[in-house]
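Asker: One structure, as structure tokens, below. Some questions next.
The values are calculated or read from the model by the stated rules, or taken from the named source; none is laboratory data. Remember, predicted model here, so these are calculated numbers, not experimental data. We place every Cβ from the backbone using ideal geometry, glycine too, and count neighbours over all the protein chains shown.
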Amino acid sequence: MKYILVIGGLIIFMLFGYFVQWSPLVLVLLTVLFFIIALIGFIIKLIKKSKSKWWLYPLYLMLFSIIGLAVTFIKPLEELNSSNVKLPNKHLEYLYTTDQADRQNLLKPLLIKSYRAKMMKRDSIRLRVVLNYINRDSVSLSPKGNFYAAMILQHGKKPNHYKLAHELALEAAKHDVQNAEWLSKATYDRWMLSIGKPQKYNTQNQTGSEH
């Protein structure tokens with residue numbers, strides 16, 4: 001029975017790491033939490049000179065979390081649909097979702113050079129699509145569409161990308177789109193830093209934060 005529970009728990013953590021978009025952050029937090037619980041349990045065992053081994057269970061769970069986190073490293077990137085669609089705002093929502101999904105596992109861009117290169121290539125594709133929508137007079141963006149476009153543009157490479165992202169975020173903020181006010185500040189700071197000026201809201205580190 002014990003082995004069935006262990007195998008079942010391990011499978012659950014692995015499936016969670018593979019299929020759930022925000023799993024990396026959760027698994028990192030769980031790893032830290034289980035480690036702290038195990039450490040406290042071990043210290044209590046030493047103080048009380050107890051023979052109890054309950055503190056080993058959070059260690060097993062910590063190991064499951066680490067394995068689940070490792071699974072997120074082998075998860076391939078979803079194929080990016082960059083073709084224009086009849087509903088630009090829905091397409092922007094899709095591009096925004098993939099933009100954020102690419103950045104869910106914060107360790108992969110840092111540790112895997114090839115992943116970083118793929119993510120930057122996908123950023124370029126998303127950027128090109130967004131600029132194409134904005135430059136077409138026939139396209140009208142909704143407040144949320146402005147927000148999605150601004151988030152993608154802030155992962156651009158040029159000052160004018162950040163400037164445009166700031167303007168779009170301001171438009172979204174006028175309609176109380178969630179997180180648009182923060183994005184307007186973040187894009188402004190990124191724009192200022194890109195032209196050699198100090199940031200105003202202190203939302204960026206000196207290497208530029210990724211959101």
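Asker: Any idea how many residues of the range 1-59 are closer than 22 Å to T72 by Cα and in contact with a Phe, Trp or Tyr (Cβ under 6 Å, 6 or more places away or on another chain)?
Answerer: Residues that pass the stated criteria total 5.
Asker: Any residue in the range 40-55 that is exposed (fewer than 11 other Cβ atoms within 10 Å of the Cβ) sitting within a Cβ distance under 7 Å of a residue that is part of a helix (DSSP H, G or I)? List the pairs, counting only those 6 or more apart or interchain.
Answerer: S52/K45
Asker: I would also like to ask the following. For the range 1-24, name all the residues that are in contact (Cβ under 8 Å) with a residue 60 or more places away in the chain and either exposed (fewer than 14 other Cβ atoms within 10 Å of the Cβ) or not in a helix (DSSP H, G or I) (or both).
Answerer: Taking the range 1-24 as the starting set, the residues that turn out to be in contact (Cβ under 8 Å) with a residue 60 or more places away in the chain are 21-24.
Selection gives Q21, W22.
Asker: Tell me which residues, restricted to the range 157-177, are farther than 23 Å from M119 by Cβ, of a type in the set (A, V, I, L, M) and in contact (Cβ under 8 Å) with a residue 12 or more places away in the chain.
Answerer: L170, A172, V177
Asker: List every residue pair whose Cβ atoms lie under 8 Å apart, where the two residues are 6 or more positions apart in sequence or sit on different chains, the first residue falls within the range 135-156 and is more than 15 Å from K185 (Cα to Cα), and the second residue, located anywhere, is of a type in the set (F, W, Y) and crowded, with 23+ Cβ neighbours inside 10 Å.
Answerer: Pairs that qualify, where the first residue is more than 15 Å from K185 (Cα to Cα) and the partner is of a type in the set (F, W, Y) and crowded, with 23+ Cβ neighbours inside 10 Å, are G156/Y162.
Asker: Tell me which of these K86 doesn't satisfy, since it passes every other one: (1) at pLDDT below 80; (2) surrounded by 12 or more Cβ atoms within 10 Å (Cβ to Cβ).
Answerer: For K86, the failing item is (2).
Asker: Here's a follow-up. Determine if the range 50-73 includes at least one residue that is assigned to a helix (DSSP H, G or I) and among the basic types (K, R). Can you show your working first?
Answerer: Of the range 50-73, the ones assigned to a helix (DSSP H, G or I) are 56-73.
Checking the rest, the ones that are also among the basic types (K, R) come to none.
Within the range 50-73, not a single residue is assigned to a helix (DSSP H, G or I) and among the basic types (K, R).
Asker: Here is a check on your reading of the model: is L92 outside any loop (DSSP other than H, G, I, E, B), closer than 30 Å to L141 by Cβ and either touching a residue at least 24 places away in the same chain (Cβ under 8 Å) or in contact with a strand residue (DSSP E or B) (Cβ under 8 Å, 6 or more places away or on another chain) (or both)?
Answerer: Working: outside any loop (DSSP other than H, G, I, E, B): yes; closer than 30 Å to L141 by Cβ: yes; either touching a residue at least 24 places away in the same chain (Cβ under 8 Å) or in contact with a strand residue (DSSP E or B) (Cβ under 8 Å, 6 or more places away or on another chain) (or both): yes.
Judged against the criteria, L92 is a match.
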